[in-house]
1. Please find, within segment 38-75, the residue that is surrounded by the most Cβ atoms within 10 Å (Cβ to Cβ) out of those that are within 15 Å of K86 (Cβ to Cβ) and among the polar types (S, T, N, Q).
2. For segment 54-67, name all the residues that are in contact with a strand residue (DSSP E or B) (Cβ under 8 Å, 6 or more places away or on another chain), in contact (Cβ under 8 Å) with a residue 12 or more places away in the chain and of a type in the set (D, E, K, R).
Amino acid sequence: MKKLIFVIFLISLLAGCGPMKGIEASRNRNRLANLKVGITKAEVREIMGNPYKNEFYENAEIWFYITEWQRDGYTTSDEMTPLVFKDERLIVWGSSFIDENLKKYELRIR
């Protein structure tokens with residue numbers, strides 16, 4: 001009986017992780033509306049919280065926030081929205097906008 005209760009508890013605990021990612025994604029999508037080009041990293045962190053991950057490219061830093069949720073248990077790039085900083089200021093965000101404007105902002109992603 002104890003074993004069964006433990007298994008049920010473990011399954012409940014693991015099942016609870018997925019919905020939390022969905023809540024985080026929804027919260028982050030709502031917070032994106034408060035961003036403005038030109039604000040500092042500190043201001044972005046105040047609005048968005050800590051990024052899920054960050055990367056550096058030649059002259060830019062990119063922070064990634066989870067904004068979509070897929071039930072597969074993995075966090076992939078199509079579930080995240082990138083925010084790009086140059087000289088400590090937010091210059092763009094969103095995958096499609098970045099793809100269209102890479103040359104304009106002199107970003108070279110390899």
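What follows draws every value from the coordinates through simple rules; no lab data is involved. Quick caveat, the model's predicted, so the values are computed rather than measured. Note that each Cβ is placed from the backbone with ideal geometry, even for glycine, and that neighbours are counted across all protein chains shown.
1. Filtering first and then ranking leaves N54.
2. E61
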